[in-house]
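First the structure, in the form of structure tokens, and then the observations on it.
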Ligand code: KG4
Ligand code: ZN
């Protein structure tokens, strides 16, 4: 069965095609919309919606061309309908409904965060065994910092999440204070990796000690803002120290919590997904962790096609009604 899936939950228009019978990823295309947001220093939801409307036809064509298929060869459509930016999600849901209606085929709806949580299973499409269950799955992106216990591809239990900012948001806000463009996470990672010394990581930024299974990053952002205010004008070497020390604080909080929750849950296999899982310092500090390919850490529709294919495989795939809609929050 050929499944075409769409994800427009944030600022990437992503399309993927999977053959669930042959268990192969046939095509994928992701068009990112970070550049129209850069002059605003963050995501502007209405701009994201408008960019999806422009980019989706191109992403669908690119994925079909790569898969050497046409729309008539698609047997099932699926789309992320939660959580995310509501306008952006509505564009994806409407687009998939229109394709399914035109092709006379069913469609189903999927949860974006569950997609991130199971994304290590994407390796099975290329014949590479994923890590054995159970996993402690940390999903760290610009909008989410969530911990799941993944007992199987069908049993994903939410354990806890951030009380305020997401880890990616913390990277982006620190970057903004340092005058870096959005999204600052990858820039901070590269700058620190290439230029910082271990001493540069030692500015005393706070590590929030919050309840079991929870995270908090807003105190760090405030501490960095206060530090920057005291140091003006900031020299380049001072900015590097702030970037390196803030990254160290964010990564340490993530690692400590994963280890503690993993121990309490009796799970040794940590998997990390979401955009922040691309971070080289985080990867270095969890050497035993499993990190998907960076292309599948950031937002992508392949993980959505994977969720749909897993349901098809276990006989649990059901079509959504034509009244299906989008929801901004994790619970639908
Ligand atoms: O999962 P994602 O592509 O989109 C969602 O937010 O759903 O994650 C984007 C976030 C941004 O906040 C970006 O700054 C962060 O992931 N990010 C990183 C790195 N690459 C992306 N943060 C730290 N280090 C990186 N290498
Ligand atoms: Zn995401």
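Just so you know, all these numbers are worked out from the coordinates, no wet-lab data involved. Everything numeric here is computed off the predicted structure, so don't read it as measured data. Methodologically, a virtual Cβ is constructed for each residue, glycine included, from the backbone with ideal geometry; neighbour enumeration extends over all protein chains shown.
Axis of helix 167-177 versus longest Cα principal axis of the chain: the two differ by about 50°, to the nearest ten degrees. Each 10 Å bin from zero holds the following percent of Cα-Cα pairs in the range 170-244: 19, 52, 26, 4. Taking only the C-alpha atoms of the range 1-109, the Rg (one decimal) and the largest Cα-Cα distance, Dmax (whole number), read 13.7, 45 Å. Sorted on the mean count of surrounding Cβ atoms within 10 Å across their residues, most packed first, peptides 239-252, 32-45 read 239-252, 32-45. Between the range 100-122 and the range 6-20, what is the separation of their alpha carbon centroids in Å? Answer, in whole Å: 8.
The angle separating the long axis of helix 86-103 from the principal Cα axis of greatest extent in the chain is about 20 degrees.
The alpha carbon centroids of the range 35-84 and the range 191-264 are separated by 34 Å. Sorting 146-154, 262-270 by their mean Cβ neighbour count within 10 Å, with the most densely packed peptide first, gives 146-154, 262-270.
For the peptides 197-209, 296-308, 80-92, residues were scored by their other Cβ atoms within 10 Å and the scores averaged per peptide; the highest-first order is 296-308, 80-92, 197-209. Computed over the range 95-253, the percent of Cα pairs more than 21 Å apart is 57. Pairs of C-alpha atoms in the range 78-123 farther apart than 17 Å represent 40 percent of all such pairs. Rounded to the nearest 10 degrees, the inclination of helix 218-231 to the longest alpha-carbon principal axis of the chain is 40 degrees. If R0 equals 25 Å, the separation of the Cβ atoms of residue 133 and residue 259 corresponds to a calculated FRET efficiency of about 0.85.
For the options 120, 181, 233, a Gaussian network treatment of the chain with springs between C-alpha atoms closer than 10 Å singles out 233 as fluctuating the most. All distinct Cα pairs of the range 275-332 go into the 1/r average, and the inverse of that average, the Kirkwood radius, is 14.3 Å.
Relative to the compact-globule estimate of 2.2 N^0.38 Å, the Cα radius of gyration of the chain comes out at 1.00. Springs between Cα atoms under 10 Å define the GNM used for the chain, and in it the highest mean-square fluctuation of 52, 116, 293 occurs at 293.
Counting only DSSP H runs of at least 4 residues, each contributing -39500 (n - 2.57), and dividing by the residue count of the chain, the helix-based mean residue ellipticity at 222 nm comes to -13000 deg cm²/dmol.
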